[in-house]
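Trainee: Structure incoming, see below.
The values are calculated or read from the model by the stated rules, or taken from the named source; none is laboratory data. Keep in mind it's a predicted model, so treat the numbers as computed, not measured. Glycine gets a Cβ as well: all are built from the backbone with ideal geometry, and neighbour counts include every protein chain shown.
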Amino acid sequence: MNDIKVGLIGFGNIGAGVVKLLTNNAEVIRGKVGAGIVLKRIADRDITTDRGVAVDPSCMTTDVNDIFDDPEISVVIELVGGYEPAKSFVLRAIEKGKHIVTANKALLALHGQDIFAAAARKNVEVQFEAAVGGGIPVLTAIKGNMAANNFGSVFGIMNGTCNYILTRMTQEGADFADMLTAAQELGYAEPDPTFDIEGVDTAHKLAILVSLCFGTRIDFNAIHTEGISRISGLDVKFARDFGYRIKLLAIGKLSDGKVEARVHPTMIPLHNPMADVNGVFNAIRLTGDFVGAVMFYGRGAGQDPTASAIVGDLIGLSRSMLAGAGRRMAPLGLMDEQVRDLPVKPMADIVSKYMLRFSTRDIPGVLGTITGALGKHGISISSMVQTAHEANDNAPVPIVIMTHEAVEGSVQAALEEIDRLDFVCEKTSFIRIEDNLE
């Protein structure tokens with residue numbers, strides 16, 4: 001059989017991993033596909049820097065058109081990242097009738113609909129396993145072995161930078177700023193870590209998961225997104241005292257025809273397996289009506305795991321092409337005409353339990369005023385801790401309240417009222433709780 005010829009756009013760290021895997025495991029891949037997967041062209045602005053992998057100089061180019069215009073290349077791997085020129089490259093390759101493999105979650109979260117529609121018109125596939133969870137094969141499972149299920153929920157710890165920081169804060173009682181610096185020194189966090197620590201990277205991945213699980217198009221801007229920069233060592237301590245760990249959690253739920261799609265710090269019970277996902281590891285938990293709860297765990301980023309997912313997509317496409325199957329699977333795993341437009345539930349309407357941490361002056365009547373304001377907004381209290389004074393009588397006193405389930409809008413209204421009171425020393429910290437991750 002003829003080998004499958006591939007073009008790679010973007011020869012950074014992940015691109016080098018793809019080259020290494022295709023080279024080192026060439027015979028393994030040939031034995032599983034029935035033909036070789038040959039990297040015919042690599043396009044990058046920099047074709048002189050040593051990437052630590054052996055590449056035939058004749059296959060290197062600075063002109064992406066050398067890939068688009070090569071009729072032998074049937075699959076294009078896009079590893080440029082970001083929105084542009086990645087989007088233009090992908091659409092150009094599709095227009096030329098080439099299948100796409102990408103790890104670009106940001107591109108798919110914001111422009112996936114345009115790309116998928118273009119692929120449908122040209123009868124080519126778009127594969128993107130590496131866009132969510134690195135080497136964790138969750139998207140393939142959703143579209144494949146679990147495809148017969150109706151999914152009710154998806155939860156994910158999907159950013160290694162945030163998970164590393166929160167793990168260190170939990171284990172060492174450290175503050176956020178110190179642990180962010182440590183993550184940057186170790187290379188786990190970028191010099192500008194905004195996309196990671198403010199939850200944007202996780203929201204990109206959630207947009208893809210929600211679309212696959214619930215068969216819906218979703219406006220990325222409708223995903224409520226919060227990061228971990230406001231989490232303090234005190235929050236971590238009190239969460240542990242109440243039997244929880246704080247994680248940056250992506251939450252997708254489908255109920256009554258509406259989608260919940262939100263990313264924020266969340267308290268998870270210590271007995272739940274997701275609470276033990278530590279360091280740079282990721283976990284994604286799905287619930288299907290027949291399969292029940294299934295959790296995927298592994299390295300969510302890095303050169304080798306991501307390359308594994310990319311080459312896995314290449315192998316799947318190669319098998320289809322060799323069998324003459326053409327466009328075997330739509331990008332979301334269901335027929336294009338079956339993709340729905342489901343409304344996203346407003347954040348003010350979601351229901352959750354909360355940990356509220358107030359910082360107040362120690363004067364008579366404080367606790368009664370706070371509980372009265374919460375009660376006025378229909379928020380009931382399940383437990384409470386008031387910390388005793390330190391030696392400094394003027395120091396603010398933390399009051400921590402755990403609530404029963406309450407409507408988010410009511411909680412926010414109550415906190416706005418309380419934060420305006422004279423005895424409140426700083427803006428109230430609140431963290432949502434997910435007791436039931438089914």
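Trainee: For the condition outside any loop (DSSP other than H, G, I, E, B) and in contact with a strand residue (DSSP E or B) (Cβ under 8 Å, 6 or more places away or on another chain), what is the one hit in Ile47, Ile29?
Mentor: So the residue among Ile47, Ile29 that is outside any loop (DSSP other than H, G, I, E, B) and in contact with a strand residue (DSSP E or B) (Cβ under 8 Å, 6 or more places away or on another chain) is Ile29.
Trainee: Spot the failing condition for Asp69; the list is (1) surrounded by fewer than 22 Cβ atoms within 10 Å (Cβ to Cβ); (2) modelled with pLDDT under 95, and only one is missed.
Mentor: Status for Asp69: all satisfied but (2).
Trainee: Kindly provide the set of residues from the range 17-37 that are within 25 Å of Gly302 (Cβ to Cβ) and either touching a Leu at 6+ places or on another chain (Cβ under 8 Å) or buried (at least 20 other Cβ atoms within 10 Å of the Cβ) (or both), ordered by number.
Mentor: Once the filter is applied, which keeps residues that are within 25 Å of Gly302 (Cβ to Cβ) and either touching a Leu at 6+ places or on another chain (Cβ under 8 Å) or buried (at least 20 other Cβ atoms within 10 Å of the Cβ) (or both), the range 17-37 yields Gly17, Val18, Val19, Leu21, Leu22, Ile29, Val33, Ile37.
Trainee: Quick one: in the range 376-397, of everything that is at pLDDT 90 or above and within 36 Å of the chain's Cα centre (by Cα), which residue is surrounded by the most Cβ atoms within 10 Å (Cβ to Cβ)?
Mentor: Ile379
Trainee: Counting only residues that are over 18 Å from Phe116 (Cβ atoms), surrounded by fewer than 23 Cβ atoms within 10 Å (Cβ to Cβ) and not charged (D, E, K, R), which one in the range 313-333 is nearest to the chain's Cα centre (by Cα)?
Mentor: Ile315
Trainee: Which residue pairs have Cβ atoms closer than 6 Å, lie 6 or more positions apart in sequence or on different chains, and pair a first residue in the range 334-354 that is assigned to a loop (DSSP other than H, G, I, E, B) with a second residue that is among the polar types (S, T, N, Q)?
Mentor: Leu342/Thr216
Trainee: Considering only the range 347-371, state which residues are surrounded by fewer than 12 Cβ atoms within 10 Å (Cβ to Cβ) and over 33 Å from the mean Cα position of the chain (by Cα).
Mentor: Ile363, Pro364, Gly365, Gly368
Listed here are the residues, each with its yes/no results for (1) among the small types (Gly, Ala, Ser); (2) touching a Ser or Thr at 6+ places or on another chain (Cβ under 6 Å); (3) within 30 Å of Ile29 (Cβ to Cβ); (4) surrounded by fewer than 22 Cβ atoms within 10 Å (Cβ to Cβ).
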| residue | (1), (2), (3), (4) |
| --- | --- |
| Leu249 | no, yes, no, no |
| Ser255 | yes, no, no, yes |
| Val263 | no, yes, no, no |
| Val294 | no, no, yes, yes |
| Arg299 | no, no, yes, yes |
| Thr306 | no, no, yes, no |
| Glu337 | no, no, no, yes |
| Arg340 | no, yes, no, yes |
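Trainee: When Pro85 is evaluated against the numbered criteria (1) at pLDDT 95 or above; (2) farther than 19 Å from Asp46 by Cβ, which criterion, by number, is the only one it fails?
Mentor: Tallying (1) at pLDDT 95 or above; (2) farther than 19 Å from Asp46 by Cβ, Pro85 fails exactly one: (2).
Trainee: Select from the range 406-438 the residues that are in a strand (DSSP E or B) and either out of contact with any strand residue (DSSP E or B) (no Cβ under 6 Å at 6 or more places or on another chain) or not basic (Lys, Arg) (or both) and list them in ascending order.
Mentor: Residues satisfying the conditions are Ala406, Val407, Val424, Ser429, Phe430, Ile431, Ile433.
Trainee: Name the strands (runs of 3 or more DSSP E) wholly inside the range 218-327 in which the number of residues that are within 30 Å of Pro398 (Cβ to Cβ) is 1 or more.
Mentor: 244-255, 258-269
Trainee: Can I ask one more? Among the residues of the range 355-388, write down those that are assigned to a helix (DSSP H, G or I) and farther than 18 Å from Pro398 by Cβ.
Mentor: Gly372, Gly375, Lys376
Trainee: Identify all residues within the range 185-209 that are among the small types (Gly, Ala, Ser) and modelled with pLDDT of 95 or more; write none if there are none.
Mentor: Gly199, Ala203, Ala207
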